[in-house]
Amino acid sequence: MHATTTRDRPQDEERARRLAQAFGRSGLLVLPSSVAATAAAEWAMVRTPAGNRLLVAPAPECAGILAEFDGERAERDGSPFLIGLLNARSAAALRRHLRWLTPGPLPASASAGFGDRLGLATPGHVRALRAAGGSITPVFAQQSIREMTRAARPPQAVIDDATWGSFESGWRDGQGADADHLKTADDITACAAAGFTMFTIDPGEHVDPRADAGRPAELRAAWDALPWDRLDDNAASMRARLVGRAFDVEGQRVVFDEGALVKAAVKYGRAVAHVTAMYRHLCDVMGGRPFDLEVSVDETDAPTAPVEHVFVASELRRLGVRWASLAPRFVGRFEKGVDYIGDLAAFEADIRVHAAIARSLGPYKLSLHSGSDKFSIYEIAARHTRGLIHLKTAGTSYLEALRAVARSAPRLFRAIYVFARERYDEDRASYHVSATVAAAPDPARIADAELPSLLEDVHARQVLHVTFGSVLTASHADGTRVFANDLRSTLQAHPEIYDECLERHFVRHLRPFAGR
Ligand SMILES: [Zn+2]
């Protein structure tokens, strides 16, 4: 993948100018960055009073392609064209014609996942990528099953919103699509059907935390009870294979003694069996289509010890699993929406070893989950992984959306903040956060002009961060949404404010990885 943007191609610029002129007379505002030309048609995103639409102007002999899209047909100088709706059918057809909009596997170099809970953030993400320079491959479509459920947003909508945003921005440099934190085979089936190409399997529920505190007798019983058949293994053969075995990790030896093996196997054995089963299901449903697998154990209580990382990687390998990235649980605290909490030297020592293991047993990437706002560790992570890294952020684009709303619609933002404070204690349950409502500024004491500054307050940030599902799905008695529609229409009315917030925020995330 290499940089080819619309702006690099003079013939496209000329085409964009002509298209804008031709359709401008009909009152359509052609967005220049979106203009594309193929043998079959010229394509553009146009802004209309009713919202963005897809303009398809086919070559004379290709007018038949208009039937692939939903929208209104019209004629200009005797040639048909279409003003298309941005729906799922049109998105699928557009991906067929403009192949670069179709997500695919990521290259073995730095990549970044941008969660987008509202589906309007891709143009801002593209601006940040361009401003950061380098060749970071983006994952615009990325949402966990938990977030899709909470925000009542199906997998197809996540893919399609990224398609429209990439099209609008003229992004042609490749992209992945990450179905994040999948826990069941049904999750995988649904996300594969929607067009996801990266599948993050979270076996966290199968990690046994007793391993860290268990007494020897307890550990022994848990070892005997491991799902040996699902591991295609038995206790004697695992012992023979691993006890005393030294893995050479760039000159450092990682050795399993009996105790370390039993502990690692008890803690991660069921997780390995689960990932293997999910991987086999994934291979079935993808039927030969290429994909990236990510294995994430980041949401466990105790950090992943190096010997445990080696256990997971070498066992998955033995079972025939192929993966592109792995998210260990690093030392320190990775809370939502705030910087790394912990000792930087300890983090550096930790990621250095994990990166060496990932190079020696792969190579595969390390994935940094809850990766937003961790400004103090980016340089360390980029250096030790030598660019074999995936930075994953999820809710921080939603916070930037709220910042844009605080600037452009203070009353709406205030209502959301008041509501979020009411919801926080319940909604925080499945997230790593430590904010309290009491410590978050009292909305009654904040003037409208100061509302955007709440996005700098760590307590307010976490309160807003984890309540997105409640905010987006809150409904009146008649079923209409309390906030979601106003939130979207505010952002759509001020795209330049939202895009600017996103660019400024994400450039700081991307720059440390841009040169890798
Ligand atoms: Zn995660």
Tell me what the chain gives for mean residue ellipticity at 222 nm when only DSSP H runs of n ≥ 4 count, each as -39,500 (n - 2.57), the sum divided by the residue total, rounded to 500 deg cm²/dmol. -14000 deg cm²/dmol
Compute, for residue 377, the solvent-accessible surface of its heavy atoms (probe 1.4 Å) with the complete set of protein chains present, and express it in square angstrom to the nearest 10. 0 Å²
Would you mind giving the average projected area, over all directions, of the Cα convex hull of the chain in nm² with one decimal? 26.1 nm²
Taking the highest mean first, how do the peptides 211-220, 458-467 order by number of other beta carbon atoms within 10 angstrom per residue? 458-467, 211-220
Determine one quarter of the surface area of the Cα convex hull of segment 47-195, which equals its mean projected area, and express it in nm² to one decimal. 10.5 nm²
Taking R0 as 30 Å, what's the FRET efficiency between residue 48 and residue 289 from their Cβ-Cβ distance, rounded to 0.05? 0.25
Once the Cβ-Cβ distance between residue 61 and residue 333 is put in as r, and R0 is 56 Å, what FRET efficiency do you end up with, to the nearest 0.05? 0.35
Kirkwood hydrodynamic radius of segment 312-419, Cα pairs, Å: 15.7 Å
Please report the orientation-averaged projected area of segment 254-344, defined via the convex hull of its C-alpha atoms, in nm². 7.5 nm²
Sequence gap at least 6, Cα distance under 8 Å: using those rules, report the relative contact order of the chain to the nearest whole percent. 15 percent
For residue 341, the residues 5 or more places away or on another chain with a placed amide H closer than 5 Å to its own amide H are 333, 335
Antiparallel %, DSSP beta bridges [both residues in the chain], to 5: 50 percent
Report the label-to-label distance for residue 18 and residue 40 in nanometres (one decimal), using points 7 Å from each Cα along the Cα→Cβ vector. 2.1 nm
Work out from phi, with θ = phi - 60° and the Karplus expression 6.51 cos²θ - 1.76 cosθ + 1.60, the ³J(HN,Hα) of each residue of segment 420-428, listed in order in whole Hz, and give x for Gly and Pro. 4, 4, 5, 8, 4, 4, 7, 6, 6
Can you give me the C-alpha center-to-center distance between segment 238-288 and segment 423-444, rounded to a whole angstrom? 38 Å
For the pair residue 492/residue 345, report the inter-label distance in nm, with labels modelled 7 Å from Cα in the Cβ direction. 5.4 nm
Provide the FRET efficiency to the nearest 0.05 for the residue 457-residue 252 pair, computing r from the beta carbons and using R0 = 30 Å. 0.10
Compute the distance in nm between two label points, each set 7 Å from the Cα along the Cα-to-Cβ direction, one at residue 434 and one at residue 185. 4.1 nm
Percent antiparallel among DSSP beta bridges (both partners in segment 259-395, rounded to 5): 10 percent
Just reorder 255, 312 by solvent-accessible area, largest first, 1.4 Å probe, all chains present. 255, 312
Probe 1.4 Å, all protein chains present, accessible-area order of 375, 330, largest first: 375, 330
Most to least packed among 290-301, 410-421 [average Cβ atoms within 10 Å]: 290-301, 410-421
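The values are calculated or read from the model by the stated rules, or taken from the named source; none is laboratory data. Here the structure is a predicted model, which is why all the values come from computation and not from measurement. Glycine gets a Cβ as well: all are built from the backbone with ideal geometry, and neighbour counts include every protein chain shown. For the accessible areas, the whole protein counts, side chains as well, though only heavy atoms, and no ligand, DNA or RNA atoms are used. Shrake-Rupley method; radii C 1.70, N 1.55, O 1.52, S 1.80 Å.
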